[in-house]
Amino acid sequence: MFANFDFNVIERSWRYLFFDGMAFTLELTVMAMLGGIIVGTLLALCRLSSFKPVSMLAGGYVNLVRSIPLVLVIFWFYFLVPYIGAWVIGAKEPVKVGAFSSCLITFIMFEACYYCEIMRAGIQSVSRGQVSASYALGLNYWQTMGYVVLPQAFRNMTPVLLTQTVVLFQDVSLVYVLSITDFVGAASKVAQRDGRLVEMYLFVALVYSLLCYALSNLVAKLQKRIAIIR
Amino acid sequence: MIQINNVSKWYGDFQVLTDCTTSVKKGDVVVVCGPSGSGKSTLIKTINGLEPFQKGDIVLDGISVGDPKTNLPKLRSRVGMVFQNFELFPHMTVTQNLTVAQIKVLGRSEELAREKGLKYLDRVGLISQKDKFPGQLSGGQQQRVAIARGLAMDPICMLFDEPTSALDPEMVGEVLDVMVKLAQEGMTMMCVTHEMGFARKVSNRVIFMDEGKIVEDCVTTEFFGNPDARAERAKNFLSKILAY
């Protein structure tokens, strides 16, 4: 069955696949994760705010974005951001944003909603008494969040946050709809050029599953190290 | 030092505190007791503004707690509070627990905060545990660390909210020992507790609450020594709690 497969195509193109494609994928994943967790945490604080307009606005945004398919958001942002940028700074021509920045903004805004829900659960997992104790010592709201609640919330939620990051890593492949050379994009370009679609996509699947498996193991190890002693 | 004037508090339609009035002078040790749900914990938490109240006024060392202009964090940093469930920060070592508020709230240097914290840790007899995490300590030890954490802020008074209720019977003694020592050193204390032995031994006043009202507020010797003069509810409570 594999007789007429030509796996040499991988050998011929691996530099391009990894140094162009995978480099983009990893860079976008890491930056979107960091941005997403920061924005998501702020969104979570807003959602849990006792000031109704703030919590409703944050809740509305999170629920809206979570109910739209990611591909659609990628398209929208890619074509809309230049015009929005132009409108904001008052320029006549659409602002040149660049594929990477556009994708980064998209993924941060999108993933922030999922990270938000994770952080919300994390913050709520810290008992009310911890907040009382922190306030009783004279710490203010931001100090209480920063030194007492969020460090515990992050530790409690690390496995889920990193699982979401594995999902994000896979989601990044969707940018290939914009003809961007991420790992999948690079692979499909080579595959179509050489007519070796099956070989290439098999290889891509293998690489993804290996990396995700490794990441999951890393998560488990990390979890053991930073878990709170109870 | 603490002046509570006609304080009332509602949760929705439910009134938890009704017209509570009392005061605590410098050096006083006041025990608050009463059946569950009588509002003891709520009352003590209104003193440092952890629980808001809708009517009345609380004046703490000349500063009104209910005034929206009051800098609550600053006021709270001058009042130590010990909770039923210890509430040490589980992700920090014992030393970090003792120093974090000193550094972030009082602006002390790390060395000074450490020195202060360890001094009080030594006083509660736990200096050997300074690098452990709260989860590695017994309940009694955690509560003693929590007391040291409060003391390290150099508070003008200490509030205790059922400090021994969550402890194994074996560990109640070690926490009470620390509190007795503290009281004998002249610390102003207000303490919600069911430890009647402690109340009798070190407190100079007992407040008895029921259904959100202060039913009895009298000197300790009078409270225990003359039960017949007490309100029916307090007499009932005492006879039950002192039966064993």
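Quick one: would you say A:Q143 is open to solvent by 20 Å² or more (accessible area, probe 1.4 Å), part of a helix (DSSP H, G or I), within 14 Å of chain B (Cβ to nearest Cβ) and polar (S, T, N, Q)? So that I can check it myself, show each step before the final result.
Values: open to solvent by 20 Å² or more (accessible area, probe 1.4 Å): yes; part of a helix (DSSP H, G or I): yes; within 14 Å of chain B (Cβ to nearest Cβ): yes; polar (S, T, N, Q): yes.
When the stated conditions are applied, A:Q143 passes them.
Anything in segment B:168-198 that is small (G, A, S), under 21 Å from B:K26 (Cα atoms) and part of a helix (DSSP H, G or I)? List them, or say none.
Initial filter on segment B:168-198 (small (G, A, S)): B:173, B:183, B:186, B:197.
After this cut, where a residue has to be under 21 Å from B:K26 (Cα atoms) as well, the list is B:183, B:186.
Passing the criteria: only B:A183.
For segment B:93-108, name all the residues that are open to solvent by 20 Å² or more (accessible area, probe 1.4 Å) and either part of a loop (DSSP other than H, G, I, E, B) or more than 7 Å from chain A (Cβ to nearest Cβ) (or both).
So in segment B:93-108, the residues open to solvent by 20 Å² or more (accessible area, probe 1.4 Å) come out as B:93, B:96, B:103-108.
B:T93, B:Q96, B:I103, B:V105, B:L106, B:G107, B:R108 - these are the residues of segment B:93-108 that are open to solvent by 20 Å² or more (accessible area, probe 1.4 Å) and either part of a loop (DSSP other than H, G, I, E, B) or more than 7 Å from chain A (Cβ to nearest Cβ) (or both).
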Original post:
Among (1) within 12 Å of chain A (Cβ to nearest Cβ); (2) open to solvent by 20 Å² or more (accessible area, probe 1.4 Å); (3) part of a loop (DSSP other than H, G, I, E, B), which single condition is B:F89 missing?
Top reply: (2)
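Tell me the residue from A:F77, A:F5, A:F19 that is more than 21 Å from A:D182 (Cβ to Cβ) and open to solvent by 30 Å² or more (accessible area, probe 1.4 Å), please. Reasoning before the result, please.
Numbers: A:F77 fails: more than 21 Å from A:D182 (Cβ to Cβ); A:F19 fails: more than 21 Å from A:D182 (Cβ to Cβ).
From the options A:F77, A:F5, A:F19, the qualifying one is A:F5.
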Original post:
What is the one condition in (1) part of a strand (DSSP E or B); (2) open to solvent by 20 Å² or more (accessible area, probe 1.4 Å); (3) touching a Gly at 6+ places or on another chain (Cβ under 6 Å) that B:S23 does not satisfy?
Top reply: (3)
Original post:
Of all residues in segment B:111-136, which are within 14 Å of another protein chain (Cβ to nearest Cβ) and surrounded by fewer than 19 Cβ atoms within 10 Å (Cβ to Cβ)?
Top reply: B:D131, B:K132, B:G135, B:Q136
Subject >> Any chance A:Y115 is among the aromatic types (F, W, Y) and under 15 Å from the mean Cα position of the chain (by Cα) >> reply: yes
**OP:** Could you figure out which of (1) within 27 Å of the chain's Cα centre (by Cα); (2) outside any helix (DSSP H, G or I); (3) not basic (K, R) isn't true of A:G138?
**Re:** (1)
**OP:** Quickly run through segment B:92-140 and pick out the residues that are among the small types (G, A, S) and closer than 19 Å to B:P155 by Cα.
**Re:** B:A101, B:G107, B:S109, B:A113, B:G117
Subject >> Among the residues listed as A:R230, A:R225, the single one being modelled with pLDDT under 85, in a helix (DSSP H, G or I) and within 14 Å of another protein chain (Cβ to nearest Cβ) >> reply: A:R225
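Looking at segment A:103-115, is at least one residue out of contact with any strand residue (DSSP E or B) (no Cβ under 8 Å at 6 or more places or on another chain) and exposed (fewer than 14 other Cβ atoms within 10 Å of the Cβ)?
no
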Subject >> Positions within segment A:161-189 being in contact with a Phe, Trp or Tyr (Cβ under 8 Å, 6 or more places away or on another chain), open to solvent by less than 40 Å² (accessible area, probe 1.4 Å), of a type in the set (A, V, I, L, M, F, W, C) and within 19 Å of A:Y78 (Cβ to Cβ), in sequence order >> reply: A:L168, A:V172, A:L178, A:I180, A:F183, A:V184, A:A186
Original post:
Going by the conditions given, is B:V202 closer than 18 Å to B:E162 by Cβ and touching a Cys at 6+ places or on another chain (Cβ under 8 Å)?
Top reply: no
Original post:
Taking segment A:190-216 as the region of interest, how many residues are open to solvent by less than 70 Å² (accessible area, probe 1.4 Å) and either hydroxyl-bearing (S, T, Y) or within 30 Å of A:G122 (Cα to Cα) (or both)?
Top reply: 7
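Would you say A:L161 is in a helix (DSSP H, G or I) and either farther than 20 Å from A:A227 by Cβ or more than 10 Å from every other protein chain (Cβ to nearest Cβ) (or both)?
Numbers: in a helix (DSSP H, G or I): yes; either farther than 20 Å from A:A227 by Cβ or more than 10 Å from every other protein chain (Cβ to nearest Cβ) (or both): yes.
Judged against the criteria, A:L161 is a match.
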Subject >> Cβ-Cβ under 6 Å pairs, at least 6 apart or on other chains, segment B:217-244 side over 19 Å from B:K201 (Cβ atoms), far side in a helix (DSSP H, G or I) >> reply: B:K235/B:P227
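In segment B:42-72, what residues are part of a helix (DSSP H, G or I), surrounded by 20 or more Cβ atoms within 10 Å (Cβ to Cβ) and within 14 Å of chain A (Cβ to nearest Cβ)? Let's see the steps before the verdict.
First pass over segment B:42-72, keeping only residues part of a helix (DSSP H, G or I): B:42-47, B:72.
Those still in the list that are surrounded by 20 or more Cβ atoms within 10 Å (Cβ to Cβ) too: B:42-47.
Passing the criteria: B:T42, B:I44, B:K45, B:T46, B:I47.
The values are calculated or read from the model by the stated rules, or taken from the named source; none is laboratory data. Every value quoted in this text rests on a predicted model; they were computed, and no experiment measured them. Note that we place each Cβ from the backbone using ideal geometry, even for glycine, and neighbour counts take in every protein chain shown. Each accessible area value is taken on the protein alone, full model and side chains, heavy atoms only, with ligands, DNA and RNA left out. Shrake-Rupley method; radii C 1.70, N 1.55, O 1.52, S 1.80 Å.
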